[in-house]
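Notes for the one structure printed next.
The values are calculated or read from the model by the stated rules, or taken from the named source; none is laboratory data. Keep in mind that what you see is a predicted model, and the values were worked out from it rather than measured. Methodologically, a virtual Cβ is constructed for each residue, glycine included, from the backbone with ideal geometry; neighbour enumeration extends over all protein chains shown. SASA here: full protein model, heavy atoms, side chains in, ligands and nucleic acids out. Shrake-Rupley method; radii C 1.70, N 1.55, O 1.52, S 1.80 Å.
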Amino acid sequence: MEKNQLLKDNGCIYRVLAVEEDAVLIIDCIRKTMPKWYKKEEINGYGNCTEEELLDATGTVLTEEDDLPPKARRIAHERFTVVAGILPFLADDRFRTKAIGRVAKEKGISIQTARTYLCQYLAFQDISVLVPKKRCVPDKELTKDEKNFRWALNKFYFTRHKNSLKTAYTYMIKEKYCDGEGVLLPECPSFNQFRYFYSKYKTRQNVIISRNGIKDYQRNYRPLLGEGVQEFASNVGVGMIDATICDIYLVDDAGNLVGRPVLTIITDAYSNGFVMGYSLTWEGGTYSLRDLMLNVIDDKVEWCKKFGIIIKKEQWDSKQMPAVIVSDMVSEYQSATFSQITELGVTLVNLPPLRPELKSIVERSFQLLQDSVKPFLMDHGYVDKNAGERLAPDYRKNACLTMEDYEKVIIHAILFNNNQRIVGNYPYTEEMAEAKVQPYPGSIFEWGKKQPGCNLIAVSKKELIMTLLPRTNARFARQGLIVFGLRYDSEKRNFTEEYLTGGDAIAAYNPESADKVYLIHEGNFIEFCLIESRFTGKSFGEIKEIQSIQRNIIGDAIPKNLQGRVDLASHVERIVEGKEKSRDVNVKGIRETKKRAKEERHKDFIEEVQDGEFDRTDA
């Protein structure tokens, strides 16, 4: 009997989840109840079953993860994040129950919902089974009484006056169900109906904010997502991200002092510091975050080869994105651009301010990386803490490394951290001890990737770049898709109907080039090309500058234009001044009059030209 083997008996199908000497942990794949331990003798008579039989019996259709729509894949990974926190405790009923309760509280879902996600995944062992089924719920129009209920709640209950439901109901009856003299109408809804409507449509958040104010909600009621490191890192796939200014001054290729670069890294919390990716740039913010995420999913063997560093795959085998990213409250981590990464199935966790200890692993990684190379760089521009003392030399004058040189140093430091730094206080489990997992972050990370609950997401470079592009409002018009006042059209799809009907849209754009924008439609990115060729090859900043100059030129020309219109009016008035209108106008003879006028005004242009001017050969 093997793990994940399917068995059937009396119309029931079971899956084997764990096997011990005399017992087997199985789950009923039809009823999807919680797994139970059975003695091997109890199930010896069960027959074998195939995956196809299970799918036919349950009417389930599994889809390849790559074929799932972006939204469905995001939801599936969010639900698997719930399941992943429970899988390590599957074999022990007591620990499993505690894990389900803890995860349900963390994610803001009910315990039964967490159980449902777990049983669904265990029964089919496929993440696509967690995709929600489509439900066709017809839109129900509110009745007249329900519209009055909604009006009364918004006007009298969801306010800072904190009226009771009974008071809001009384106000509603007074305003909507009384005649002109204030006499109650014979038919009016009961208070129970009013209270039922309130309980059906109210949300806890709306009640608190509308009655207590947004400040009270933020201070006393808002969800608190920050927890201890061990809670974040029950499995591989929890990344902690942060940035710092490096303690070294660098020069450019000409030897000119440039300054201190910005290092951004993301470490795996489960392995206590395995660096999954890094970014070394001169600018921080969302630019460095985009560069970091691209490095996370890059092939590290090929990446190191660009710097002349030859490594084996097992030395830095990380090209998938963590499904949970933990960060502090810095603005770039809360920006709309970076939060778009959740569309790939990533869960973002923002720690409360002034709590660096909750992401101590990544904070410690910065210190370890820089301290490991500090002794060798002290005379090469490294920041000396004693430089402020009297007669101390200026360490900036010793700077001699370029950005490329220091990036090579950082890569070697990361390789040392991942493969040779000993994690002496790591909480080894019995399984890790039996497998003789080496006490290095890289070894722990590799072992963790093979365990249940590993929560990494495979993402292509193009998909990641498109997701992290900044976005803006756009609109359809007869002139095309209008983005930042520029006109765009799609060569791959006909949008004639949208151009004619108009409407708002969301477009992603590359700030470095205005040649293309990408319409976001149902989770897909549709390419639109620039119509106005005069702006081809220019960035949005350059175009904005050109447009600003044009507006200034036009603004300067307005007084001259106004003076010209005034002069034109004066000239015309001077011409028509003193001209009297004839009251006896022969309208019927207009054709003959026009014919005579044409003959009078007709010119023979040849005769008007002198002979010398006409015959150039004589000249």
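Suppose all protein chains stay in the model; what accessible area per residue would a 1.4 Å probe give for segment 383-471, in Å²? Walk me through the intermediate numbers first.
On the way: 5000 Å² over 89 residues.
On a per-residue basis, segment 383-471 sits at 56 Å².
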For a quick check of understanding: with a 1.4 angstrom probe and all protein chains in place, what accessible area in square angstrom does Ile506 have, to the nearest ten?
70 Å²
For segment 362-521, averaging the sequence separation of alpha carbon pairs under 8 Å that lie six or more residues apart and dividing by its residue count, the contact order in percent is 13 percent
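Let me know the charge dipole size of segment 1-137 about its Cα centre in debye, to the nearest 20, where only the beta-carbon of Lys, Arg (+1) and Asp, Glu (-1) is charged. Let's see the in-between values first.
Values: 22 positive and 21 negative charges, 211 e Å.
In total the dipole reaches around 1020 debye.
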Go through [x] 54; [y] 24; [z] 41 and flag the label whose value is the computed percent of Cα pairs over 40 Å apart for this structure.
[x]
Residues of segment 1-143: accessible area per residue at 1.4 Å, in Å²?
60 Å²
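Counting Lys and Arg as +1 and Asp and Glu as -1, each charge on the Cβ, what is the dipole of segment 78-145 about the Cα centre in debye, to the nearest 20?
Values: 13 positive and 8 negative charges, 24 e Å.
Value, rounded to 20: 120 debye.
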Which distance in nm do the two modelled labels at Ile549 and Met378 give, with both placed 7 Å along the Cα-to-Cβ direction?
5.4 nm
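Enumerate the helices in the chain for which the Kyte-Doolittle hydropathy averages 0.0 or more and the C-alpha atoms extend at least 15 Å along the helix's axis, using complete DSSP H runs.
Values: long enough: 70-84 (20 Å, -0.35); 93-107 (21 Å, -1.21); 111-124 (20 Å, 0.39); 165-176 (16 Å, -0.60); 191-201 (16 Å, -1.06); 285-296 (17 Å, 0.23); 360-377 (26 Å, 0.19); 403-419 (24 Å, -0.08); 540-576 (52 Å, -0.16); 590-601 (16 Å, -2.51).
Qualifying helices, which must be both long enough and hydrophobic enough, are 111-124, 285-296, 360-377.
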Cβ-based charge dipole, the chain, positive-most Cα from Gly345, Tyr287, Ile606
Gly345
Sequence of Trp303, Trp151, Trp316 when ordered by accessible area, the most exposed leading, probe 1.4 angstrom:
Trp151, Trp303, Trp316
Placing +1 on each Lys and Arg Cβ and -1 on each Asp and Glu Cβ in the chain, then taking the dipole about the Cα centre, the residue among Ile520, Asn48, Leu118 whose Cα reaches farthest towards the positive end is Leu118
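Between Asp515 and Asn494, what FRET efficiency comes out of the Förster formula 1/(1 + (r/R0)^6) with R0 = 22 Å and r the beta carbon distance, rounded to 0.05?
E between Asn494 and Asp515, to the nearest 0.05, is 0.60.
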Under 5 Å, built H, 5+ apart or other chain: amide partners of Ala399
Gly381
Solvent-accessible area, 1.4 Å probe, carbon plus sulfur percent, for the chain
49 percent
Most positive-pole-ward Cα, Met378, Phe484, Met432, against dipole of the chain from beta carbon charges:
Phe484
So which GluC sites (Glu not before Pro) in segment 3-77 pass both tests, a DSSP loop state and at most 15 other Cβ atoms within 10 Å of the Cβ?
Glu20, Glu21, Glu64
Under the rule of -39500 (n - 2.57) per DSSP H run of 4 or more residues, summed and divided by the residues of the chain, what mean residue ellipticity at 222 nm is obtained, to the nearest 500 deg cm²/dmol?
-11500 deg cm²/dmol
Would you work out the charge dipole size for the chain about its Cα centre, treating the Cβ of every Lys and Arg as +1 and the Cβ of every Asp and Glu as -1, and quote it to the nearest 20 debye?
2920 debye
With every protein chain present, what accessible area does His412 have (1.4 Å probe, heavy atoms only), rounded to the nearest 10 Å²?
100 Å²
Residues of segment 544-600: accessible area per residue with a 1.4 Å probe, Å²:
106 Å²
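Heavy atoms only, probe 1.4 angstrom, no DNA, RNA or ligands counted: give me Thr286, Thr159 ranked by accessible area, highest first.
Details: Thr286 55, Thr159 25 Å².
Ranking Thr286, Thr159 by accessible area, largest first, yields Thr286, Thr159.
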